[in-house]
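As structure tokens, the structure follows; a few thoughts come after it.
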Amino acid sequence: MAPPPRRRLPAAQREKQVLDAAVRVFSRDGFHDASMDTVADEAGLSKPMVYTHGGGSKEELLRRCIRRESDRLLESVSGAAAGAPADAEVRLHRGLRAFFASVTTHRDGWSVLYRQARTGALADEVHAARTRIVDRVAQLLAAELATPEGIDPATVTTPIAAALAGAAEGLADWAGDGGDPDDLASTLMALVWPGLALLRS
């Protein structure tokens, strides 16, 4: 008896299938040791399907993985901060918790962003993704921090946002798979909020 024909999935669903598999492979093997054959096996698809839905090359596949994982992280933090009460401390805590929750839930994606792709040909893509996150955090801070008259708020908030993002990245990497998002957010809040409270006055 012949096996049933494979169901055709929409292109977006196939792309997700390929990216999910690629993130796992890049996280585990690193970019240089990963192969499109391994991604195909992980996804349960043919190699031509991986090339079709992954952008045509291993480098482009990693680029798409980086963009997706950074978008996911950014949307998580922005959504949590936007939906929080007006209190700035609560908003920051919720934004940090969303960051740590996203990193914990999508650990392979974080590994691709934080470890596997920070050097080499796609370092510019990671830098661009991190810049978007820092810019978003700076926007959130701009409404809270006092800015001298005539000074562009970005010149005040961007370096603070970069420091905050760097601290969150380092803490997430230190915590590994066992980090609790609430505990990590509270730890970072205890470190940074007193200083931010002074800047808000």
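Here ALA163, ALA143, ALA167 are screened, and the one residue that is open to solvent by 30 Å² or more (accessible area, probe 1.4 Å) and at pLDDT below 80 is ALA143. Within segment 183-201, residues that are in contact (Cβ under 8 Å) with a residue 12 or more places away in the chain and farther than 14 Å from ALA101 by Cα have Cβ atoms under 7 Å from residues that are charged (D, E, K, R) and open to solvent by 80 Å² or more (accessible area, probe 1.4 Å) in these pairs: TRP193/GLU89, counting only partners at least 6 apart in sequence or on another chain.
Checked against the criterion of being surrounded by fewer than 20 Cβ atoms within 10 Å (Cβ to Cβ) and at pLDDT 85 or above, the candidates LEU74, LEU92 yield just one match: LEU74. Against the definition (loosely packed, with under 14 Cβ neighbours inside 10 Å and touching a helix residue (DSSP H, G or I) at 6+ places or on another chain (Cβ under 7 Å)), how does ASP183 come out, yes or no? Judged against the criteria, ASP183 is not a match.
Among the candidates ALA81, ALA101, the residue that is buried (at least 16 other Cβ atoms within 10 Å of the Cβ), under 27 Å from LEU196 (Cα atoms) and touching a Leu at 6+ places or on another chain (Cβ under 8 Å) is uniquely ALA81.
Under the condition of being at pLDDT below 85, open to solvent by less than 40 Å² (accessible area, probe 1.4 Å) and aliphatic (A, V, I, L, M), the residues counted in segment 104-128 number 5. Among residues of segment 186-196 being farther than 11 Å from LEU164 by Cα and open to solvent by 40 Å² or more (accessible area, probe 1.4 Å), the one that is farthest from the chain's Cα centre (by Cα) is PRO194. Within segment 156-169, residues that are without any contact (Cβ under 8 Å) to a residue 24 or more places away in the chain have Cβ atoms under 7 Å from residues that are open to solvent by less than 30 Å² (accessible area, probe 1.4 Å) and assigned to a helix (DSSP H, G or I) in these pairs: THR157/ALA138; THR157/LEU141, counting only partners at least 6 apart in sequence or on another chain.
The values are calculated or read from the model by the stated rules, or taken from the named source; none is laboratory data. No experiment lies behind these values; they were computed from the predicted model shown. All Cβ positions, even for glycine, are placed from backbone atoms using ideal geometry, and neighbour counts span all protein chains on display. The accessibility values were calculated without ligands, DNA or RNA, using every heavy atom of the protein model including side chains. Shrake-Rupley method; radii C 1.70, N 1.55, O 1.52, S 1.80 Å.
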